[in-house]
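Step one of this worksheet: look at the structure below.
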């Protein structure tokens, strides 16, 4: 993958998950010794582990599931913005940024300092950002955070606002070493037809 920058969280028993959600596990169900030819593994995990996308069905019973999403949203030119230290993510956060012709934005907040632990608080997305993004043709918002809403939110206003305005959600990207700029993004979900979300292998290549 020469030239590509991996922005995914590695999945192992140490990856943090939402409190109370399914912990990640990988084990061999057959060893080469047992089968005589191959090792075969089994994975158990939440669909929202590590770097992942949310399908609208995650927060809306009538929303699209992963198998219904447009793959084109998850690959193509993307702009990485450095906004470390911000307290929230709203239109003011992106004011003055040249995003003409950009369909995908990834925001580095730097708020998730210790990726071995689930964060206690994050800078949430202001629902007012959703129409602002739509007006500018943005189809994907990616964050270095586990959610676009406050971690204790039950009504998930940012999730719903983004979905209403056709903005897809990519969460948990690792942008610690990524410079602001324009890149090619690939972050395809798995073909989990009925799922509410999916882990992705997300990567960037400078343009």
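For this structure, a couple of remarks:
- Proxy reagent accessibility, fewest Cβ within 10 Å first, across 207, 143: 207, 143
- Value at 222 nm in deg cm²/dmol, rounded to 500, when DSSP H runs of n ≥ 4 in the chain each add -39,500 (n - 2.57): -2500 deg cm²/dmol
- Highest mean packing first, where packing is the average number of other Cβ atoms within 10 Å per residue, the peptides 126-135, 46-55 line up as 46-55, 126-135.
- Segment 67-207 shape via C-alpha gyration tensor axes, a/c threshold 1.5: rounded
Each value in this text was obtained by applying a stated rule to the coordinates, not by laboratory testing. Predicted model only: the values in this text are computed from it and were never measured. Please note: Cβ atoms are built from the backbone with ideal geometry, for glycine as well, and neighbour counts cover all protein chains shown.
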